[in-house]
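Structure first, then comments.
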Amino acid sequence: MSGETMQWAAGLALAQALGEACRARGWRVASAESCTGGLVAAACTAVAGSSDWFERGFVTYSNEAKTTMLGVPAELIARDGAVSQSVAVAMVEGALQHAPVQLAVAVTGIAGPGGAVPGKPVGTVWLAWGSAGAVQARKLLLPGDRAAVRSATVHAALQRLLQEASRSESGTESGSEAGGEPGGEPGNEHGSGASSEGSKP
């Protein structure tokens with residue numbers, strides 16, 4: 001079994017667990033995707049019965065799509081670049097505003113082989129997730145080719161969604177330790193400052 005196939009199988013297991021956690025809380029989920037082109041939504045909807053908890057996916061590959069579909073300010077993209085913490089957070093906030101959901105995730109990055117800019121190599125991904133008023137973001141530096149970067153991004157996105165959906169009312173996580181995705185760097189909660197890196201979706 002190839003590494004990519006194993007990663008997809010692991011992603012489906014995460015999606016299955018995410019569905020169970022969301023059903024238990026009566027939550028629905030949305031995704032806002034750029035570099036993964038809908039693969040997070042595909043993993044969620046590959047699970048039987050996902051219509052109970054997965055509400056919609058936004059594929060916002062272009063900068064214009066991010067603005068028209070999610071309400072990401074064009075000036076924010078021009079200032080910070082599409083691959084930035086601020087844009088990833090704005091994508092999540094847009095998904096939460098435009099869909100009747102309690103939880104959302106957003107990904108924007110450079111899957112390669114082209115698109116790298118100074119200080120932002122191929123494999124740079126910003127991941128943001130959360131609910132209204134509680135959005136977090138994390139920068140990932142992922143190795144491998146385009147398929148590997150996209151696959152690892154999907155896995156990281158599902159991992160974060162599951163951790164958020166599995167939080168108890170006391171605020172602890174019943175899932176795996178936060179920050180366990182490959183290539184992750186310490187991230188920031190919304191409001192702690194945005195990255196100004198990159199310009200590719």
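Identify, please: which residue in the stretch 139-148 is over 11 Å from residue 35 (Cα atoms) and either part of a helix (DSSP H, G or I) or charged (D, E, K, R) (or both) and is, among those, nearest to the chain's Cα centre (by Cα)?
Applying the filter and picking the extreme gives 139.
Of all residues in the stretch 53-92, which are free of Cβ contacts under 8 Å to residues at least 24 places away in the same chain and acidic (Asp, Glu)?
Those that are free of Cβ contacts under 8 Å to residues at least 24 places away in the same chain and acidic (Asp, Glu): 64, 75.
List the residue pairs whose Cβ atoms are under 8 Å apart, where the first residue sits in the stretch 2-23 and is modelled with pLDDT of 90 or more, the second is loosely packed, with under 15 Cβ neighbours inside 10 Å and outside any helix (DSSP H, G or I), and the two are 6 or more positions apart or on different chains.
Pairs that qualify, where the first residue is modelled with pLDDT of 90 or more and the partner is loosely packed, with under 15 Cβ neighbours inside 10 Å and outside any helix (DSSP H, G or I), are 12/46; 15/46; 19/49.
If you go through the stretch 13-40, how many residues are aliphatic (A, V, I, L, M) and farther than 22 Å from residue 94 by Cβ?
6
Looking only at the stretch 43-71, which residues are more than 13 Å from the chain's Cα centre (by Cα) and of a type in the set (A, V, I, L, M)?
Within the stretch 43-71, 46, 47, 48, 65, 69, 70 meet the criteria.
Scan the stretch 1-27 for residues that are in contact with a helix residue (DSSP H, G or I) (Cβ under 7 Å, 6 or more places away or on another chain) and over 13 Å from residue 155 (Cβ atoms) and report the count.
6
The values are calculated or read from the model by the stated rules, or taken from the named source; none is laboratory data. It should be emphasised that the depicted structure is a prediction, and the values quoted were computed from it without experimental measurement. No Cβ is skipped: glycine too gets one built from the backbone with ideal geometry, and neighbour counts run over all protein chains shown.
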